[in-house]
1. Would you mention how many residues in region 275-300 are without any contact (Cβ under 8 Å) to a residue 60 or more places away in the chain and assigned by TED's automatic domain parsing to the domain that holds L101?
2. Taking the criterion of being within 13 Å of the ligand (Cβ to nearest atom) and aromatic (F, W, Y), would at least one residue in region 147-164 satisfy it?
3. Select the strands (runs of 3 or more DSSP E) contained entirely in region 289-403, then report the ones holding at least 3 residues which are among the hydroxyl-bearing types (S, T, Y).
4. If D114 satisfies every condition in (1) within 28 Å of A180 (Cβ to Cβ); (2) outside any strand (DSSP E or B) but one, which is the exception?
5. For V243, state whether it is loosely packed, with under 14 Cβ neighbours inside 10 Å, farther than 21 Å from T51 by Cα and within 16 Å of the ligand (Cβ to nearest atom).
6. Does region 127-147 include one or more residues that are touching a helix residue (DSSP H, G or I) at 6+ places or on another chain (Cβ under 8 Å), buried (at least 22 other Cβ atoms within 10 Å of the Cβ) and free of Cβ contacts under 8 Å to residues at least 40 places away in the same chain?
7. Looking only at region 246-267, which residues are assigned to a helix (DSSP H, G or I) and crowded, with 17+ Cβ neighbours inside 10 Å?
8. Determine which member of the set S360, S364 is over 18 Å from N35 (Cα atoms), surrounded by fewer than 15 Cβ atoms within 10 Å (Cβ to Cβ) and out of contact with any Ser or Thr (no Cβ under 6 Å at 6 or more places or on another chain).
Amino acid sequence: MMNKLFRQSHLANTLRTKTIFRREFSTEVKDAFNNIPQGIKDLTSRKIYKTHNHPLNTLITKIEDFFLNKKVSDLQIPGEKFKLFQDFDPLVKVKECFDDLGIPEDHVSRRVTDTYYHNKEIVLRPHTSVHQIPLMKLQGNSAFLVVGDVYRKDTVDKTHYPAFHQMEGVRTYSLKDIGAKDIKEAKLITERDLKQVLENLARNIFGDVEMRWVDAYFPFTEPSIELEIFYNNEWLEVLGCGVIHNQVMARAGKDINNECGWAFGLGLERWAMKLFDINDIRLFWSQDDRFINQFKHGEISKFKPYSKYPACYKDIAFWVPSPVSDDTFNENDFFYLVRSISQDMAETVELIDTFTHPKSQRVSRCYRINYRNMDRSLTNEEVDALQVKIRGLVETELGCELR
Ligand code: PHE
């Protein structure tokens with residue numbers, strides 16, 4: 001979770017236009033970029049973060065209460081009131097999501113193997129930062145929070161899920177608001193304010209924890225930092241943030257000599273998993289009453305695991321196309337394929353063996369797919385059918401040869 005997708009990457013890449021699993025989504029025209037499977041499309045209408053009693057909803061309420069009703073920092077700006085937005089469509093423009101935030105065209109996060117494209121110009125947002133500029137452009141939005149479901153193609157395991165939730169926070173002010181003599185001084189005040197607000201927030205939610213700041217990189221903030229807290233005997237990265245980049249301020253119509261501000265983004269599941277002791281990220285999406293009935297709105301309580309339905313694993317081995325490179329075989333394509341076919345039933349996908357043929361130099365990989373359904377028992381026939389489908393597509397879509 002909290003993938004490092006928006007950091008600088010030295011990986012050169014090209015956008016590949018693979019067209020597996022085209023589906024109808026909205027009325028917008030699709031093209032060869034479309035890679036949103038039905039299972040993901042279905043998640044966009046669930047709105048679990050708005051479900052009463054849901055841990056994500058409780059967490060949002062608590063954070064919202066901090067920003068709306070508490071003294072967030074020493075800077076008191078007359079008339080300022082944080083506003084919460086949580087109804088934006090997750091289908092967003094590539095331009096707003098990447099270009100306007102200074103994320104270069106060849107950045108890994110923009111690849112079709114990492115982001116869900118509806119078409120060349122529209123994606124399922126991979127972060128709530130997409131809403132920063134449009135909201136800042138609106139008059140009177142100098143302090144706001146945005147909550148929403150975000151989507152990223154990723155590995156399959158207990159802490160990664162292709163859909164999760166983020167909260168974005170932005171606060172901007174003028175030199176006069178904060179009593180700064182020039183923009184340089186204003187940025188120092190901004191950075192101090194940012195740290196103070198987020199330390200207060202973390203303390204408000206996690207209690208009296210130890211914290212530390214770590215340098216980071218995001219194209220849309222300068223400087224960029226991350227907050228880590230010491231919780232349950234481990235250091236945990238809880239959010240990314242920074243002073244809003246001049247270019248972003250300018251695109252939002254701000255006067256960069258007279259205004260500045262900060263932004264942060266945090267992964268709500270990551271916080272909720274720790275606070276509620278939820279050890280598998282897929283549980284947030286469970287429709288089993290044994291999950292939701294354990295929680296009361298507004299209360300942070302520890303989740304008690306209930307017995308799981310049995311798991312069943314199947315192995316798949318294949319030769320990857322030669323010559324071996326990230327372009328001929330990308331593991332994410334395989335994960336993506338498994339997830340698309342199995343919906344939520346692939347609990348883990350693990351590489352258990354690789355082998356290079358001594359003569360031909362061909363490379364073979366063997367993966368173990370562990371199938372389990374959160375809400376019911378799977379039948380053997382069902383699992384076999386999924387495996388057969390996956391085997392077929394590994395050949396036709398990924399160009400691998402089954403062993
Ligand atoms: N959008 C970043 C992410 O998803 C987090 C972030 C938001 C960082 C705002 C800085 C400012 O990782």
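The values are calculated or read from the model by the stated rules, or taken from the named source; none is laboratory data. A quick note: this is a predicted structure, and the numbers were derived from the prediction, not measured. Cβ coordinates were reconstructed from backbone atoms using ideal geometry, including for glycine residues, and neighbour counts include every protein chain displayed.
1. The qualifying residues number 1.
2. Yes, because at least one residue in region 147-164 is within 13 Å of the ligand (Cβ to nearest atom) and aromatic (F, W, Y).
3. 346-356, 363-371
4. (1)
5. In short, no.
6. Looking for residues that are touching a helix residue (DSSP H, G or I) at 6+ places or on another chain (Cβ under 8 Å), buried (at least 22 other Cβ atoms within 10 Å of the Cβ) and free of Cβ contacts under 8 Å to residues at least 40 places away in the same chain, one finds at least one in region 127-147, hence yes.
7. V248, M249, R251
8. Of the residues listed, the single one that is over 18 Å from N35 (Cα atoms), surrounded by fewer than 15 Cβ atoms within 10 Å (Cβ to Cβ) and out of contact with any Ser or Thr (no Cβ under 6 Å at 6 or more places or on another chain) is S360.
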